[in-house]
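Structure first, commentary second.
The values are calculated or read from the model by the stated rules, or taken from the named source; none is laboratory data. Every value quoted in this text rests on a predicted model; they were computed, and no experiment measured them. Glycine also receives a Cβ, built like all others from the backbone with ideal geometry; neighbour counts cover every protein chain displayed. To get the accessible areas, we keep the full protein, side chains included, count just its heavy atoms, and leave off ligands, DNA and RNA. Shrake-Rupley method; radii C 1.70, N 1.55, O 1.52, S 1.80 Å.
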Amino acid sequence: MNMNGQDWDTVVIKKKQPSGAALKDEAAVNAARRQGAAVDTQQKFNAGKNKPAQQTITGKPASKLEAETEDFHHERVSSNLKQQIVQARTAKKMTQAQLAQAINEKPQVIQEYESGKAIPNPQVLSKMSRILGVVLKK
């Protein structure tokens with residue numbers, strides 16, 4: 001038997017090192033610790049803590065924002081305006097759906113105006129004023 005053509009040098013096969021997200025995986029970190037590799041862990045600022053940040057986006061401390069007493073809410077349709085819309089629409093013998101179609105809006109918009117839930121939009125009010133023939137004021 002002739003073995004002159006054989007290469008008897010030692011061959012070392014290495015496993016590819018993990019990269020990217022695999023390095024951050026908890027299992028990968030534990031495996032590196034078991035192998036005795038140096039593992040550097042850093043905690044991000046306020047990471048994993050359910051505490052409000054000291055400064056907010058506005059630059060005010062969170063405690064000052066919590067103590068803020070000013071009431072912020074959107075202006076709604078007044079009861080006077082609601083009644084004006086309903087009376088003008090019924091005087092023209094129109095349904096909410098017909099008025100909505102006439103001003104190119106959804107029927108839900110008219111329902112919101114007549115129930116007082118809508119935020120007044122000058123464009124919608126002017127369209128309603130024109131179709132109903134009545135001056136509607138906020």
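Of the listed requirements (1) open to solvent by 90 Å² or more (accessible area, probe 1.4 Å); (2) of a type in the set (Ser, Thr, Tyr); (3) at pLDDT below 75, residue 10 misses just one: (3).
Condition test on residue 135, is it of a type in the set (A, V, I, L, M, F, W, C) and open to solvent by 60 Å² or more (accessible area, probe 1.4 Å)? Full working, then the answer.
On the way: of a type in the set (A, V, I, L, M, F, W, C): yes; open to solvent by 60 Å² or more (accessible area, probe 1.4 Å): yes.
When the stated conditions are applied, residue 135 passes them.
Within segment 105-121, residues that are touching a residue at least 40 places away in the same chain (Cβ under 8 Å) sit with their Cβ atoms under 6 Å from residues that are open to solvent by 60 Å² or more (accessible area, probe 1.4 Å) and not aliphatic (A, V, I, L, M), at 6+ positions apart or across chains, in these pairs: 116/76; 118/112; 119/74; 120/138.
Contact map, segment 61-76: residues that are surrounded by fewer than 10 Cβ atoms within 10 Å (Cβ to Cβ) paired with residues that are at pLDDT 70 or above, Cβ distance under 6 Å, separation 6+ or inter-chain. Pairs shown: 74/119.
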